[in-house]
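The values are calculated or read from the model by the stated rules, or taken from the named source; none is laboratory data. Only a predicted model underlies this, so the values are computations on that prediction, with no experimental measurement involved. Ideal geometry is used to build each Cβ from the backbone, glycine not excepted, and the neighbour counts take in all protein chains shown.
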Number of protein chains: 4
Amino acid sequence: MTRLSEAQAAEIEAGRGETAPTRRAVAPALEEILYQALPVLDHGFIRVVDYMGDDNAIVQAARVSYGRGTRKTSQDEGLIRYLMRHRHTSPFEMCEIKLHVKLPMFVARQWIRHRTANVNEYSARYSILDKEFYVPEAEHLAVQSSQNHQGRGEAVDPAAAAAMLDILRRDAAQAFDSYVYLLNADAHGEPVDAGRPGLARELARIGLPLSTYTQWYWKTDLHNLFHFMALRADSHAQYEIRVYADVLRDIAQRWTPLAAQAFEDYRLHGADLSRQALDVVRRRLRGETVDRASSGLGLREWRELEALLAGDAS
Amino acid sequence: MTRLSEAQAAEIEAGRGETAPTRRAVAPALEEILYQALPVLDHGFIRVVDYMGDDNAIVQAARVSYGRGTRKTSQDEGLIRYLMRHRHTSPFEMCEIKLHVKLPMFVARQWIRHRTANVNEYSARYSILDKEFYVPEAEHLAVQSSQNHQGRGEAVDPAAAAAMLDILRRDAAQAFDSYVYLLNADAHGEPVDAGRPGLARELARIGLPLSTYTQWYWKTDLHNLFHFMALRADSHAQYEIRVYADVLRDIAQRWTPLAAQAFEDYRLHGADLSRQALDVVRRRLRGETVDRASSGLGLREWRELEALLAGDAS
Amino acid sequence: MTRLSEAQAAEIEAGRGETAPTRRAVAPALEEILYQALPVLDHGFIRVVDYMGDDNAIVQAARVSYGRGTRKTSQDEGLIRYLMRHRHTSPFEMCEIKLHVKLPMFVARQWIRHRTANVNEYSARYSILDKEFYVPEAEHLAVQSSQNHQGRGEAVDPAAAAAMLDILRRDAAQAFDSYVYLLNADAHGEPVDAGRPGLARELARIGLPLSTYTQWYWKTDLHNLFHFMALRADSHAQYEIRVYADVLRDIAQRWTPLAAQAFEDYRLHGADLSRQALDVVRRRLRGETVDRASSGLGLREWRELEALLAGDAS
Amino acid sequence: MTRLSEAQAAEIEAGRGETAPTRRAVAPALEEILYQALPVLDHGFIRVVDYMGDDNAIVQAARVSYGRGTRKTSQDEGLIRYLMRHRHTSPFEMCEIKLHVKLPMFVARQWIRHRTANVNEYSARYSILDKEFYVPEAEHLAVQSSQNHQGRGEAVDPAAAAAMLDILRRDAAQAFDSYVYLLNADAHGEPVDAGRPGLARELARIGLPLSTYTQWYWKTDLHNLFHFMALRADSHAQYEIRVYADVLRDIAQRWTPLAAQAFEDYRLHGADLSRQALDVVRRRLRGETVDRASSGLGLREWRELEALLAGDAS
């Protein structure tokens, strides 16, 4: 599991070694991990490459102020929580982050659905891809869920899991061998067999599996990062993107701790109640017994509400 | 090459059979092909599912008018060409189109980079994919270009092409067999082998190749459709997305013929000249001989300019 | 209060008189009011100029279907409510609406903050503005709120209100007289006084008040229309934009009644609970007495929660 | 002309005095002017409040590199010019800038039309506006252009200009007096006349002229900044927004000098030729005489082309 080549690790360390003075807002806890490859899955990572702003910048923009805003953390915290609670999103858009992410293509296809972001992806038309595929850990193999029609249910038994992983590994290896054969080129683009033509890169790659790793620079603002996290750290998200979202939560804690805490409290661990659900809560708090028939809720929503109020929900 | 199942074809025909009166702008030439699957590549298609506006709607919005705008085509044409020439893009945004597109995943990954659009994609977490892969025609197999570092050069000889296609077909078939085995489900989701577990859909699909077909509903406005066409109908675009862009050009001609013509003239077949290139042209028109040394242009841009002025460029 | 000139009314009626057959989805209740100027404030209006899709189009996109989707309203309703509840927003983006809106400039400045929309505004650089200003009804004049720092509190007494309105009317009339003098042009652009120069339109208008009416074509998708309505139909929004949002709610009911109802239930009349607020509700439902000290909530959020659970909140 | 209060100037200086070390990319020439109010018009300014990236960051993103990209300026310059020439816009989106801008409301209304940006504006619902209005310099007063239907023509004679400015000043002063009367509050929000009610801020401001200054935090990426500059530094843009665009050009030169130069060469001082215009150029270069009749161009476009080729155009 070589996540980084020696040359890549050296480039990263060189970048980390240099500092320069700036008049801009600095987030010290984020500087600590700047450029480092935070591991995700078997070959992936997230690297913070650049950022703009901190908690104070949110306050500064909300107040359209001439200086750096207040210096009293308690006031800043109150304002930031107020903004989050009332979904005043624009001050959170005033912070920006740039990441270098390595991720399997099927994860990339989910990730790219978030449109309010800037992206530069490694080009498989221009360059040759490395032999790196995502292969799940055996304990993450599971059957189709019978509850959540798009997710996973119970884990597969170890013997069946081992057989499944063998198939995934075998097919990926074969697809990569075919890729090299079609390209007729090694990792440096040099011909392997001078006697036959090599296929153009943009075509040779079409047989590679969706588990192939790609990488990109991805830049977004804090509000849209939170939105991404809200959708992708959710229990309904596919495990393989959820682990990226969890690393982003750690990054946000280092970068804008007050805003990140407000996000966790108001969005990630909060809940939306419909008019009907709110009515159920109000009636119960008045001592009334409410069953589904008198609630006006459908069966599915009723069960979701019962789980939520019992505290069972994620 | 079954592009549509019988049930799908019947659903489409049923939709085409029904009409209803509307007070909205109607584009008759686009109505003719509404819902039809316009074939692209070996299994793909573009279907126009809905649209809003026509050439007149562009004029109407540019004038913020109370009625349908002018009825004199010559005036409308002049205004539309003026708007296109001066890049007044907002009136073109007042027309909207919704497409159902079936396309290989590696094309989908290029397509989705256009962010100003709305997308609903067929979910391989929820549903089972069909056994449909893109396999190029032999004559489209080509070596890596030595000029354009991300494109194709000369065609591969027929014998080599046949061998390459065999590999692509073999690997795709094996990957699909593995998919069915892992799922342990047929196309209707029924278990094939009751004695062993089936893997969740979101995981079973990760071994499928990038040539697998997917499909989506995709909606955008006319300005962004033109922008898509400008980038993807370009000779530098990969052939497999260019053929989709070419079908879009036909659709635009049916929908908004005046705007589509203006787009072809000003954007697709026009050219950008830099300050330095413009200076070369001016000096030559004054009778001066200008060579690269006195032009201030780099070698690559000089060659591009020479080709452009000679009329060789696409 | 001449909202429309005779020529404008005639243009609108001419548009309403013509129908043509279409194969597209048609929303009959919306066709009924198509092009009509729905009055808002003293001179403003909203006109629906075009639309794409209906409730069924949401279902069709969510299923990426080949036909028009299901025809059973009960199934469609269940799916639409599920999508709204779980904030699966992309199917709602598949419906699009285009409006012609006449509104005071200070309202336009709030409205334009919604960026995911297309806009063509009447140009005061190119054209001469009409003498139309928003003057509030006396009963809408109120003092600054002491609770909501950006809103209105109690109504001003009638005598004071009358004096205030006189000032607003007087200043607006004077500003318009100055505008005509500076332009030295009548409504048709003809010079009034041949002996002196007229100021360019882009400059002459800078002295006009923010209450001056402007108009634009504005186009957005149903998801973003709902987002606009959620923010602008809220009790914290300024009254003068709230009345536009209320007309939009009526329009949505005609256009996509199932989606509009789901929006009202889940967004407009629903509520967000934070982690801490949810904890208060759970503890109370278990019979525990919770006061602010043990709730972990700030004073402001505590009061908001108490009002919400008592059913006092809007 | 007090552009900044003492308190504001002091806050700015305090911010400028502090530096901290960072591992991020730093643009030294931009650091020099960070937070300073660069004057525009009579009371306006642009302040750079924060930025992310530099020329090297464009290269780094285009290459999806692990380190800081190349260090050879000549290579970076070649790549940046190539990206600009071929409209590969995404690497330019990897740089971000945040500005604090003070500007008249009629300029703000043009500015806000650029949607791909983040904005926090000073709220006249929450706060009281200062007595600051834009009044043009006498030499900028001009008649409506007879050529460009939305711009200015010849300057107005000094006597007429003086009379016009008196009117603008008088009306603005009166509108502000009315504002204070309606609010019944001084600049600190304290009542002026305890005996009568004050109107809510959101209503009292509706009589203020479009020349009133507002301010906002505005954040965008380098590609969209260039797009803004291309449209607003153009000779067809209104003078009062063009002067802001010119300050942005200076800022871009300090921030990303290579990209800014490429922008000036390829976009700002370059030209688009249509298919027909390109044909005229090619034929002339082959020695053919082409007049309008044989050019296929309309009168207006023909004149624009003649001016362009003669080097008269801006």
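Identify, by number, the condition in (1) without any contact (Cβ under 8 Å) to a residue 40 or more places away in the chain; (2) farther than 25 Å from residue D:117 by Cα that residue A:249 doesn't meet.
(2)
For a quick check of your reading: which helices (runs of 4 or more DSSP H) sit entirely within the stretch B:22-105 and have at least 2 residues that are within 10 Å of chain C (Cβ to nearest Cβ), within 26 Å of residue C:128 (Cβ to Cβ) and acidic (Asp, Glu)?
Of the helices (runs of 4 or more DSSP H) lying wholly inside the stretch B:22-105, none has at least 2 residues that are within 10 Å of chain C (Cβ to nearest Cβ), within 26 Å of residue C:128 (Cβ to Cβ) and acidic (Asp, Glu).
Do you know which residues across the stretch B:149-168 are in contact (Cβ under 8 Å) with a residue 12 or more places away in the chain and in contact with a helix residue (DSSP H, G or I) (Cβ under 9 Å, 6 or more places away or on another chain)?
Passing the criteria: B:150, B:151, B:152, B:155, B:156, B:158, B:161, B:162, B:164, B:165, B:168.
Of the residues C:246, C:265, which is under 29 Å from residue C:139 (Cα atoms) and in the same structural domain as residue C:53 (by TED's automatic domain parsing)?
Checking each option against the conditions leaves just C:246.
So which pairs qualify, if the first residue must be in the stretch A:5-22 and in the same structural domain as residue A:129 (by TED's automatic domain parsing), the second must be part of a helix (DSSP H, G or I), the Cβ gap must be under 7 Å, and the two must be at least 6 apart or on different chains?
Partner pairs satisfying both residue conditions: A:22/D:31.
Return the pair list, or none, for Cβ contacts closer than 7 Å from residues in the stretch C:74-89 that are farther than 26 Å from residue A:227 by Cβ to residues that are part of a helix (DSSP H, G or I), at least 6 apart or on different chains.
If the second residue must be part of a helix (DSSP H, G or I), the pairs left are C:76/C:55; C:76/C:56; C:76/C:59; C:76/C:258; C:77/C:258.
So, residue B:301, is that one buried (at least 19 other Cβ atoms within 10 Å of the Cβ) and either more than 35 Å from the chain's Cα centre (by Cα) or at pLDDT below 95 (or both) or not?
Judged against the criteria, residue B:301 is a match.
Please go through the stretch A:106-133 and pick out each residue that is part of a loop (DSSP other than H, G, I, E, B), under 24 Å from residue A:203 (Cβ atoms) and small (Gly, Ala, Ser).
Those that are part of a loop (DSSP other than H, G, I, E, B), under 24 Å from residue A:203 (Cβ atoms) and small (Gly, Ala, Ser): A:123, A:124, A:127.
Please go through the stretch C:1-32 and pick out each residue that is crowded, with 17+ Cβ neighbours inside 10 Å, under 30 Å from residue C:55 (Cβ atoms) and either acidic (Asp, Glu) or within 23 Å of the chain's Cα centre (by Cα) (or both).
Scanning the stretch C:1-32 gives C:12, C:27, C:30, C:31.
Within the stretch A:139-152, track down each residue that is under 22 Å from the mean Cα position of the chain (by Cα), within 7 Å of another protein chain (Cβ to nearest Cβ) and not in a loop (DSSP other than H, G, I, E, B).
Result: A:142, A:152.
Based on this model, can you work out whether residue D:283 counts as at pLDDT 95 or above and touching a Ser or Thr at 6+ places or on another chain (Cβ under 9 Å)?
yes
What is the number of the single condition among (1) under 15 Å from the mean Cα position of the chain (by Cα); (2) closer than 30 Å to residue C:234 by Cβ that residue A:119 does not meet?
All conditions are met except number (2).
Would you check which residues across the stretch D:178-196 are modelled with pLDDT under 95 and either of a type in the set (D, E, K, R) or touching a helix residue (DSSP H, G or I) at 6+ places or on another chain (Cβ under 8 Å) (or both) and list them?
Result: D:186, D:190, D:192, D:193, D:196.
Quick check: anything in the stretch B:196-212 surrounded by fewer than 17 Cβ atoms within 10 Å (Cβ to Cβ) and either over 30 Å from residue B:266 (Cα atoms) or more than 9 Å from chain A (Cβ to nearest Cβ) (or both)?
yes
Tell me which helices (runs of 4 or more DSSP H) are completely within the stretch C:259-312 and hold 1 or more residues being among the small types (Gly, Ala, Ser) and more than 8 Å from every other protein chain (Cβ to nearest Cβ), or say none if there are none.
Hits in the stretch C:259-312: C:292-295, C:299-310.
Among the listed residues A:122, A:66, which satisfies the condition of being more than 27 Å from residue B:125 (Cβ to Cβ) and among the aromatic types (Phe, Trp, Tyr)?
Within the list A:122, A:66, the selection yields A:66.
Exactly one of these conditions fails for residue A:170: (1) within 9 Å of another protein chain (Cβ to nearest Cβ); (2) of a type outside the set (Ser, Thr, Tyr); (3) surrounded by 14 or more Cβ atoms within 10 Å (Cβ to Cβ); (4) closer than 19 Å to residue B:210 by Cα. Give me its number.
Against the list (1) within 9 Å of another protein chain (Cβ to nearest Cβ); (2) of a type outside the set (Ser, Thr, Tyr); (3) surrounded by 14 or more Cβ atoms within 10 Å (Cβ to Cβ); (4) closer than 19 Å to residue B:210 by Cα, residue A:170 comes up short only on (3).
A quick yes/no check of all residues on (1) more than 22 Å from residue D:10 (Cβ to Cβ); (2) modelled with pLDDT of 95 or more; (3) acidic (Asp, Glu):
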| residue | (1), (2), (3) |
| --- | --- |
| A:5 | yes, no, no |
| A:33 | yes, yes, no |
| A:38 | yes, yes, no |
| A:67 | no, no, no |
| A:73 | yes, no, no |
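Would it be correct to say that residue B:72 is over 16 Å from residue C:52 (Cβ atoms) and surrounded by fewer than 22 Cβ atoms within 10 Å (Cβ to Cβ)?
yes
Of the residues C:109, C:169, C:205, only one is of a type in the set (Lys, Arg) and in the same structural domain as residue C:43 (by TED's automatic domain parsing); which?
Just a single option satisfies the conditions, and that option is C:109.
Looking only at the stretch B:199-209, decide whether some residue is free of Cβ contacts under 8 Å to residues at least 60 places away in the same chain and under 22 Å from the mean Cα position of the chain (by Cα).
no
Filter the stretch B:138-154 down to the residues that are closer than 17 Å to residue B:240 by Cβ and either surrounded by fewer than 16 Cβ atoms within 10 Å (Cβ to Cβ) or of a type outside the set (D, E, K, R) (or both) and list them by number.
B:138, B:139, B:140, B:141, B:142, B:143, B:144, B:145, B:148, B:150, B:151, B:153, listed by residue number.
If you check residue B:47 against the conditions, is it among the basic types (Lys, Arg), assigned by TED's automatic domain parsing to the domain that holds residue B:222 and under 15 Å from residue C:98 (Cα atoms)?
no
Condition first: out of contact with any Asp or Glu (no Cβ under 9 Å at 6 or more places or on another chain) and β-branched (Val, Ile, Thr). Now tell me which residues in the stretch D:1-32 satisfy that.
Matches in the stretch D:1-32: D:12 only.
Checking the condition under 23 Å from residue A:104 (Cβ atoms) and not hydrophobic (A, V, I, L, M, F, W, C), which residue from A:269, A:236 passes?
A:236 is the lone residue from the list that is under 23 Å from residue A:104 (Cβ atoms) and not hydrophobic (A, V, I, L, M, F, W, C).
Exactly one condition in (1) of a type in the set (Phe, Trp, Tyr); (2) more than 30 Å from residue A:228 (Cβ to Cβ); (3) more than 13 Å from chain B (Cβ to nearest Cβ) is false for residue C:122; which is it?
(3)
Go through the stretch D:96-147 and give me each residue that's charged (D, E, K, R) and farther than 24 Å from residue D:208 by Cα.
D:96, D:98, D:115, D:139
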